[in-house]
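A quick write-up on the structure given underneath.
Taken together, the values in this text are just the output of simple stated rules run on the coordinates, not laboratory data. Computed from a predicted structure; not experimentally measured. Here the Cβ positions follow ideal geometry from the backbone for every residue, glycine too, while neighbour counts run over all protein chains shown.
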Amino acid sequence: MHAAWNVMLKGSSDPLRLSLRALVAGNLLFAPLVLLVWLLTGRPGLQPVGWLCVAGSAVAELFYFVFLSHAYRRGELSFVYPIARGTGPLIAVAGGLLLLREQLGPVQLLGVAALLAGIWLVRRPSGASGPLLAALLTGLCIGTYTLIDRVGVRLGPPWLYGWLMFMLTCGLLAAWVTVFGGAGSAPGWRRSALVGLLMSATFYVVLVALAIAPVTVVAPARESAIVLVSAWGVLRLRERQGLALKLAGAAAILAGVVLLIV
């Protein structure tokens, strides 16, 4: 699901506006289900710290969409996606080790090394400083909101936490697009609804995983779409520059993901 909506976002003429409409559509689509579950489960809420996590995660998600859209407008899918999604687990794993006191064994440390090697291989050596920086910043945002969400989902129902966080992200992103978005064409609502459905469903599944498993396992495992997206960029979008390095880097990143969850 994550691979699908990223391919659609990359194919948009205005990824940032598509992200905004997708967030709005996804929240509206899931609102009746969230309301029904909220009523049937006795109207649960979040602990006070949970609301701080919602706010912190929403800010990180805002900049995630800003940087990701910037990277997709200037860089190739097979270049941006592996770097952004490969950097995120490294940040999350480091945070899990240093802040949440989680531990990694020798095999997992080898996985971190494979991730670093894969990111180095997949990057383009020249002419890509703008997309590279945006992709790395996207990964930083991924690692940040993953760590925050790891705490937040333990302070209330994951589905409620996720819906509230996306609601706040919608407001923040709408304000950003209004002030900084400039001129652009709004994508159709049918496409936006499909992206929003895939985006929201993916995120809710990840939140449930974070509620029952360590972030050092969940963060890397969610990046299993890296090879799929890289192959799509190479085979369907004809992104052939540095073909061998892209595929080798994507494979190394996936190997790092596997080693981290062994």
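Could you tell me the calculated FRET efficiency between A31 and A174, based on Cβ-Cβ distance and R0 = 22 angstrom, to the nearest 0.05?
Numbers: r = 17 Å, r/R0 = 0.76.
Efficiency for this residue pair is about 0.85.
Specify the residue with the greatest mean-square fluctuation among L20, L235, L36, computed from a Gaussian network of the chain linking alpha-carbon atoms under 10 Å apart.
Result for the chain, Cα springs under 10 Å: L36 fluctuates most.
Using only Cα atoms, locate the centre of segment 211-256 and the centre of segment 141-187, then give the distance between them in Å, rounded to an integer.
When both Cα centres are located, 24 Å separates them.
Comparing L110, L132, L210, which has the greatest mean-square fluctuation in the GNM of the chain with Cα pairs linked when under 10 Å apart?
Comparing L110, L132, L210 in the GNM, the peak value goes to L110.
Take the alpha carbon gyration tensor of segment 1-143, find the square roots of its eigenvalues, order them as a ≥ b ≥ c, and report rounded if a/c is under 1.5; if not, report prolate when a/b exceeds b/c, else oblate. Write out the running numbers ahead of the final one.
Details: a/c = 2.38, a/b = 1.27, b/c = 1.88.
Note, shape of segment 1-143 comes out oblate.
Report the residue, chosen from L197, L228, L172, that carries the largest GNM mean-square fluctuation when the chain is represented by alpha-carbon nodes joined by springs under 10 Å.
Comparing L197, L228, L172 in the GNM, the peak value goes to L228.
Segment 15-75 to segment 97-124: how many Å between their Cα centroids?
28
Can you order the peptides 3-14, 87-98 by their average number of other Cβ atoms within 10 Å per residue, highest first? Working shown, then result.
Values: 3-14: 19.3, 87-98: 21.3.
Those peptides, ordered most packed to least, come out 87-98, 3-14.
How large is log10 of I(q)/I(0) for the chain at q = 0.08, 0.17 Å⁻¹ when the intensity is taken from the Debye formula with one equal scatterer per alpha-carbon?
Once normalised to I(0) and log-transformed, intensities are -0.30, -1.35.
Taking the dipole about the Cα centre of the chain, with the C-beta of Lys and Arg at +1 and of Asp and Glu at -1, give me whichever of P106, L198, A55 is farthest to the positive side.
Selected residue: L198.
Helix-derived [θ] at 222 nm for the chain: sum -39500 (n - 2.57) over DSSP H runs of at least 4, divide by residue count, nearest 500? Write out the running numbers ahead of the final one.
Values: 11 runs with 208 residues, N = 262.
Value at 222 nm, helices only: -27000 deg cm²/dmol.
To the nearest 20 debye, what charge dipole does segment 2-261 have about its Cα centre, counting +1 at the Cβ of each Lys and Arg and -1 at the Cβ of each Asp and Glu?
Working: 19 positive and 7 negative charges, 101 e Å.
For this selection, approximately 480 debye.
Stokes-Einstein diffusion coefficient for segment 99-218 at 20 °C in a medium of 1.002 mPa s, Rh from the Kirkwood formula over Cα pairs: what value in µm²/s?
In µm²/s, the coefficient rounds to 124.
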